[in-house]
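Below is one structure, written out as structure tokens; comments come after it.
The values are calculated or read from the model by the stated rules, or taken from the named source; none is laboratory data. Here the structure is a predicted model, which means the values were calculated and not measured. Here Cβ is always computed from backbone atoms with ideal geometry, including for glycine, and neighbour counts include all displayed protein chains. These area figures cover heavy atoms from the full protein model, side chains too; ligands, DNA and RNA do not enter into them. Shrake-Rupley method; radii C 1.70, N 1.55, O 1.52, S 1.80 Å.
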Amino acid sequence: MLVNVLKIFGLLVLILVLVSGWIFYTQVYNYERFPLKVDKTRFPGVNTEAEIDQLAESLLGQMTMDEKIEQLYGEEGSSLLKLAVNLFVLKRFPHMYIAANERLGIPPFVLSDGPRGARVADVYGGATVFPVAMSRGASWDVDLEARVNDVIAREIRAIGANMAATPCINLLRHPGWGRAQETYGEDPWHLGQFGVAATEAIQKHNVMASPKHYALNSIENSRFVVNVELDERTLREVYLPHFKKVVQEGDTATLMSAYNMALGEYVSNNRYLLTDVLRNDWGFEGFVHSDWFFAMYDPVASIKAGLNIEMPLSKVYNKKDIKAALESGEITEEDIDQLILPALKTRLKYAFAQDSIEYDEALLASPEHIELAREAAEKGMVLLKNDDVLPLSPGGGNKIAVIGRLADVENTGDHGSSNAKSPYVISPYHGLANYHAGSGNTVVLDDGSDLDRAREVARDADQVVVVVGYTFEDEGEYLISTENMKKSAEAGRLIGEKGTGGDREDLSLVKADRELIHALADANEKLVVVYVGGSGIDMSDWDHKVPAILFAWYAGMEGGTALARVLYGDVNPSGKLPFAMAQDAADYPYFTPYTDNITYDYYHGYTLFDKSNIEVAYPFGFGMSYTSFGYDNLQVLTPQLDPDGTLLVEVDVSNVGGMAGEEVVQMYVGFANSAVDRPVKLLRAFEKVALQPGETRTVSLEVPVEELAWYNPEAREWQTETISYAVYVGGSSAERDLLTGGFAVQ
Ligand code: BGC
């Protein structure tokens, strides 16, 4: 009897193990995949955009209420297991199939993160990992940004996704922001140009772009709770113009909403941002999806506000609560239809779109893509100081010391959602070692942990490169346990658990790096400091002691190769800071990682320093080259303009040094005669030009006058002043680097 019971029990256990194994294998490990394109045979005669719009309306009309609600969120809650096991155990990003309807033939969409490369599962062997967006912002090369995003989009398609959670265009208000590396810089104009370039390039591959995080997400640790207060003018002129651009110029399919609160309400509940500004003022016709897990709180408020889709699971948008709200009359079926329709129209356009190429896995980290990762890394590096040390001489017989904790670390940036994995990463040391292979030079590595030993190595070397800065531990997306995130969100405040990444409270380098720089600078007067990180730092403690400083950023999978080529002059550095660096950290706007309330003022970055006459350590737009550029003959071709005209200027830029190089020509407009308080100047155009030694090029720059308008909060409209303006053109935002002209608008 007992034996039989045991046998049956054993059999049951076996069946249970097999069934759960099968479920695990099919649903979690090797989860089912679905096509993302429509089966056109189901919809004969639907070809044009207008026909697709009509189809969306007809499909909506055929949906049951349950089916309608299913259009409003990601996968059902049961997929939490799939997500958790893939992310935390298998360390890969699973596909979440959102808002499909098999009965009606509506395919799902699938998102992949992608600020520095397709967030690809290891199973595919890795993707191309580019330098972080801040490095690309520092290149000031929007064509390059388009090429980079073209590759990211191709690779996103190759892994079977059709929505890219990129570009991140939140404004860098303070250098301590943990996710600074994911965005392009501090200036709304510059952010807008990069955001549009990325969005357009991504969408060419029938991937829906998702500029993020709309809006005001410029603090990391408090992102789930912080309420941002600001006045209407600051919102419109400083924190939103780049979002407006990706909507109106980039024609973005979607936007990702931010976690934080704005003006006393979670963004996900904020009708002003999601409907009044976005749809009514800007004419957005795509859809808004929430940031993941902790962005939404109240289904009724979000439905009324206009948040189309909750990601990545059904949580706040769920059948029970939505049906209850319908029953109580808090919302109507029309409210729901209004959320579904723009999303469905947009998604169907992408699902119908014909691809011009095949996106197979061979695209991932292909040789051409990797080549572009190297080029991008080279073009983003910013030379901040060079007292005749760089470029280093490649001649034979030299002993080259590469020193520092980060000298031989695979360090491509944060380990949060922007983390993408490449088949390999070339560290700074490896880049230099490869560069010198077979040259007769010796490259030695020292981790800098023993200052006396490092000093000896430096003394003994002909060339010394120290690599300092940060890793994902120090800055990036703030990762705390899910449990604690939840508690934090529920408590409406932050809990004090130490996580990984997050904001930087102290802008100086870590003590070990500072001590190392001092020690090495004493030992070798030709010390080259290479900084790896995602944003501005305070160098006041040591920059006067060293002859050369190069900002290399998190330079991607080919960062080490690019670094060697820049240090030895195979590539002339051409990056410029996309933010201003203060002399004193106290000069920046107030910032704290731990707060549930903060005010964003009208001035930050170079506009703040200009306005308050604060001298900076390194200006916005500044970066050196191994050659020199001269600016002459600034001509304002349109000295008198109508409010609907376009300012046109020309300037002669010459390479007056001995090496070919690239220069970022910048144009700022000044408002000294304005009747209202305005910045001293604002960036309004830039152009990167390549010049041979001795070559002079006439560079044309232009901006429509309407881009000089200010937002009058009383009249609730943009107004162009009919006054005289100044125009400044040169190689950085510093007064000493700019030629001045003028024009009037009448
Ligand atoms: C991040 C987003 C990201 C999403 C999906 C969130 O935590 O804030 O930027 O796209 O995760 O990975």
Query - Conditions (1) open to solvent by less than 10 Å² (accessible area, probe 1.4 Å); (2) without any contact (Cβ under 8 Å) to a residue 12 or more places away in the chain: number failed by Pro573 - result: (2)
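Any idea which of Asp570, Asp513 is in a loop (DSSP other than H, G, I, E, B), acidic (Asp, Glu) and within 29 Å of the chain's Cα centre (by Cα)?
Checking each option against the conditions leaves just Asp570.
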Report task. Residue by residue through the stretch 718-733, note down the ones that are over 15 Å from Leu682 (Cβ atoms), out of contact with any helix residue (DSSP H, G or I) (no Cβ under 6 Å at 6 or more places or on another chain) and in contact (Cβ under 8 Å) with a residue 24 or more places away in the chain. Result -> Thr722, Ser724
Query raised in the report: Looking only at the stretch 201-247, which residues are in a helix (DSSP H, G or I), out of contact with any Phe, Trp or Tyr (no Cβ under 6 Å at 6 or more places or on another chain) and among the polar types (S, T, N, Q)?
Result: Gln203
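Of all the residues that make up the stretch 121-150, how many are in contact (Cβ under 8 Å) with a residue 40 or more places away in the chain and open to solvent by 10 Å² or more (accessible area, probe 1.4 Å)? Steps first, answer last, please.
Restricting attention to the stretch 121-150, the residues satisfying the condition of being in contact (Cβ under 8 Å) with a residue 40 or more places away in the chain are 122, 124-150.
Filter once more, keeping what is open to solvent by 10 Å² or more (accessible area, probe 1.4 Å): 122, 124-125, 141-143, 146-147, 150.
Qualifying residue count, the stretch 121-150: 9.
Consider Tyr297 carefully, then state whether it is within 20 Å of Leu36 (Cβ to Cβ) and either out of contact with any Gly (no Cβ under 9 Å at 6 or more places or on another chain) or of a type in the set (A, V, I, L, M, F, W, C) (or both).
Details: within 20 Å of Leu36 (Cβ to Cβ): no; either out of contact with any Gly (no Cβ under 9 Å at 6 or more places or on another chain) or of a type in the set (A, V, I, L, M, F, W, C) (or both): yes.
No.
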Report task. Would you check if Val89 is in contact with an Asp or Glu (Cβ under 9 Å, 6 or more places away or on another chain) and either within 14 Å of the ligand (Cβ to nearest atom) or open to solvent by 20 Å² or more (accessible area, probe 1.4 Å) (or both)? Result -> no
Report summary line: Picking from Glu76, Glu49, Glu145, Glu57, the residue that is modelled with pLDDT under 95, away from the ligand (no atom under 16 Å from the Cβ) and acidic (Asp, Glu) would be Glu76
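Looking only at the stretch 564-579, how many residues end up being under 17 Å from Val443 (Cα atoms) and of a type in the set (A, V, I, L, M, F, W, C)?
Total meeting the criteria: 3.
Which members of the stretch 408-428 meet the condition of being within 25 Å of the chain's Cα centre (by Cα), more than 16 Å from the ligand (Cβ to nearest atom) and either in a loop (DSSP other than H, G, I, E, B) or surrounded by fewer than 21 Cβ atoms within 10 Å (Cβ to Cβ) (or both)?
Step one: of the stretch 408-428, the residues within 25 Å of the chain's Cα centre (by Cα) are 409-428.
Now narrow it down to the ones that are more than 16 Å from the ligand (Cβ to nearest atom): 409-412, 422-428.
Scanning the stretch 408-428 gives Val409, Glu410, Asn411, Thr412, Ser422, Pro423, Tyr424, Val425, Ile426, Ser427.
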Report task. Only strands (runs of 3 or more DSSP E) wholly contained in the stretch 282-400 count here; list those with 1 or more residues that are away from the ligand (no atom under 16 Å from the Cβ) and open to solvent by 20 Å² or more (accessible area, probe 1.4 Å). Result -> 382-386
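Per-residue answers, yes or no, for (1) under 25 Å from Leu339 (Cα atoms); (2) at pLDDT 95 or above:
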| site | (1), (2) |
| --- | --- |
| Leu216 | yes, yes |
| Phe224 | yes, no |
| Leu230 | no, yes |
| Val238 | no, yes |
| Pro241 | yes, yes |
| Glu249 | yes, yes |
| Ala258 | yes, yes |
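Check Ala690, Ala675 and return the single one that is among the small types (Gly, Ala, Ser) and in a strand (DSSP E or B). Break it down into steps so the answer makes sense when it comes.
Numbers: Ala675 fails: in a strand (DSSP E or B).
Of the residues listed, the single one that is among the small types (Gly, Ala, Ser) and in a strand (DSSP E or B) is Ala690.
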Query raised in the report: Of all residues in the stretch 260-274, how many are open to solvent by less than 10 Å² (accessible area, probe 1.4 Å) and either basic (Lys, Arg) or within 15 Å of the ligand (Cβ to nearest atom) (or both)?
Result: 3
Requested in this report: Inspect the stretch 493-502 for any residue being closer than 23 Å to Ser218 by Cα, modelled with pLDDT under 95, touching a Pro at 6+ places or on another chain (Cβ under 7 Å) and not in a loop (DSSP other than H, G, I, E, B) and give the result as yes or no.
Outcome: yes
Report summary line: The lone condition Phe472 fails out of (1) open to solvent by 50 Å² or more (accessible area, probe 1.4 Å); (2) at pLDDT 95 or above; (3) not in a loop (DSSP other than H, G, I, E, B) is (3)
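Taking the stretch 224-259 only, how many residues are polar (S, T, N, Q) and either buried (at least 23 other Cβ atoms within 10 Å of the Cβ) or within 14 Å of the ligand (Cβ to nearest atom) (or both)?
If we filter the stretch 224-259 for residues that are polar (S, T, N, Q), which is where we start, we get 227, 234, 248, 252, 254, 257.
This time we only want the ones that are either buried (at least 23 other Cβ atoms within 10 Å of the Cβ) or within 14 Å of the ligand (Cβ to nearest atom) (or both), so: 252, 254, 257.
The qualifying residues number 3.
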Query raised in the report: Which one is surrounded by the most Cβ atoms within 10 Å (Cβ to Cβ) among residues in the stretch 175-223 that are basic (Lys, Arg) and within 15 Å of the ligand (Cβ to nearest atom)?
Result: Arg179
Query - Selection status of Ser628, touching a Gly at 6+ places or on another chain (Cβ under 7 Å), at pLDDT 95 or above, surrounded by 20 or more Cβ atoms within 10 Å (Cβ to Cβ) and more than 30 Å from Glu232 (Cα to Cα) - result: no
Query raised in the report: Does Arg678 satisfy the criteria of being open to solvent by 70 Å² or more (accessible area, probe 1.4 Å), among the charged types (D, E, K, R) and out of contact with any helix residue (DSSP H, G or I) (no Cβ under 8 Å at 6 or more places or on another chain)?
Result: no
Query raised in the report: For the stretch 694-706, how many residues meet the condition of being free of Cβ contacts under 8 Å to residues at least 60 places away in the same chain and among the acidic types (Asp, Glu)?
Result: 2
Requested in this report: Determine, yes or no, whether Ser112 is within 16 Å of the ligand (Cβ to nearest atom), hydroxyl-bearing (Ser, Thr, Tyr) and crowded, with 24+ Cβ neighbours inside 10 Å.
Outcome: yes
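Right, Leu55: in a helix (DSSP H, G or I), out of contact with any Asp or Glu (no Cβ under 8 Å at 6 or more places or on another chain) and touching a residue at least 40 places away in the same chain (Cβ under 8 Å) or not?
Values: in a helix (DSSP H, G or I): yes; out of contact with any Asp or Glu (no Cβ under 8 Å at 6 or more places or on another chain): yes; touching a residue at least 40 places away in the same chain (Cβ under 8 Å): yes.
Judged against the criteria, Leu55 is a match.
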Report task. Kindly provide the set of residues from the stretch 594-616 that are open to solvent by less than 40 Å² (accessible area, probe 1.4 Å) and part of a strand (DSSP E or B), ordered by number. Result -> Ile598, Val616
Query raised in the report: Got a sec? Which of Asn441, Asn434 is more than 23 Å from the chain's Cα centre (by Cα) and open to solvent by 70 Å² or more (accessible area, probe 1.4 Å)?
Result: Asn434
